[in-house]
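These notes concern the structure reproduced below.
The values are calculated or read from the model by the stated rules, or taken from the named source; none is laboratory data. Nothing here was measured: the structure is a model prediction, and the numbers come from that model. So basically every Cβ, Gly included, is an ideal-geometry build from the backbone, and we count neighbours across all protein chains shown. Side chains included, ligands, DNA and RNA excluded: accessible areas come from the protein's heavy atoms. Shrake-Rupley method; radii C 1.70, N 1.55, O 1.52, S 1.80 Å.
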Amino acid sequence: QVQLVESGGGLVQAGGSLRLSCAPSGATFSFNVMGWYRQAPGKQRELVARVGSGVYTDYADSVKGRFTISRDHGKNGVYLQMNSPKPEDTAVYYCNAGRNLAQMEYWGRGTQVTVSS
């Protein structure tokens with residue numbers, strides 16, 4: 001059974017930095033696409049960033065220029081470097097992965113990120 005485990009969440013001051021990590025357990029194949037979503041209280045879950053094999057990346061407009069997604073192919077994992085976070089970035093962040101964009105079926109349980117002003 002494949003599980004995605006997030007780590008690195010916590011409390012950070014606005015303008016600081018934080019790095020989220022996601023690593024799978026139980027996977028016998030490599031994920032071709034991995035990404036991060038977030039959900040703030042009272043809001044729908046939204047895409048933050050995703051990365052495919054090769055040079056494909058996709059970012060939400062709200063995080064472009066501040067967040068960077070990257071892969072760790074050796075660990076079949078993914079990172080999200082959050083620079084200059086804002087209070088509106090406060091949310092539970094979820095790791096998402098799959099064989100391709102149409103099969104993003106694996107989710108982590110989420111890690112809380114709180115940005116203080």
* Asked: at pLDDT 95 or above and either open to solvent by 50 Å² or more (accessible area, probe 1.4 Å) or under 14 Å from Gly110 (Cα atoms) (or both), is that true of Gly9?
  -> yes
* So which of Val33, Val48, Val115 ends up being within 16 Å of Val2 (Cβ to Cβ) and in contact with a strand residue (DSSP E or B) (Cβ under 6 Å, 6 or more places away or on another chain)? -> Val33
* To do: Give the residue, chosen from Ser84, Ser116, that is at pLDDT 95 or above, over 10 Å from the mean Cα position of the chain (by Cα) and at positive phi.
  => Ser84
* If you take the residues of segment 41-66 that are of a type in the set (Lys, Arg) and surrounded by fewer than 13 Cβ atoms within 10 Å (Cβ to Cβ), which of them is nearest to Arg109 (Cα to Cα)? -> Lys43
* Asked: Would you pick out the residues in segment 29-64 that are part of a strand (DSSP E or B), more than 11 Å from the chain's Cα centre (by Cα) and closer than 23 Å to Asn76 by Cβ?
  -> Val33, Gly52, Thr57, Asp58
* Conditions (1) surrounded by fewer than 21 Cβ atoms within 10 Å (Cβ to Cβ); (2) in contact (Cβ under 8 Å) with a residue 60 or more places away in the chain; (3) among the aliphatic types (A, V, I, L, M): number failed by Ile69 -> (2)
* Checking Gly98 against (1) of a type outside the set (D, E, K, R); (2) more than 11 Å from Val33 (Cβ to Cβ); (3) touching a residue at least 12 places away in the same chain (Cβ under 8 Å), the condition it does not meet -> (2)
* **Pick from segment 26-40, criterion out of contact with any Lys or Arg (no Cβ under 7 Å at 6 or more places or on another chain) and open to solvent by 50 Å² or more (accessible area, probe 1.4 Å), ranking: nearest to Leu80 (Cα to Cα)** => Ser30
* To do: All but one of (1) within 20 Å of Arg109 (Cα to Cα); (2) of a type outside the set (Asp, Glu); (3) out of contact with any Cys (no Cβ under 6 Å at 6 or more places or on another chain) hold for Cys22, so report the exception by its number.
  => (3)
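State the number of residues belonging to segment 95-117 that are of a type in the set (Phe, Trp, Tyr) and open to solvent by 50 Å² or more (accessible area, probe 1.4 Å).
Residues in segment 95-117 being of a type in the set (Phe, Trp, Tyr) and open to solvent by 50 Å² or more (accessible area, probe 1.4 Å): 1 in total.
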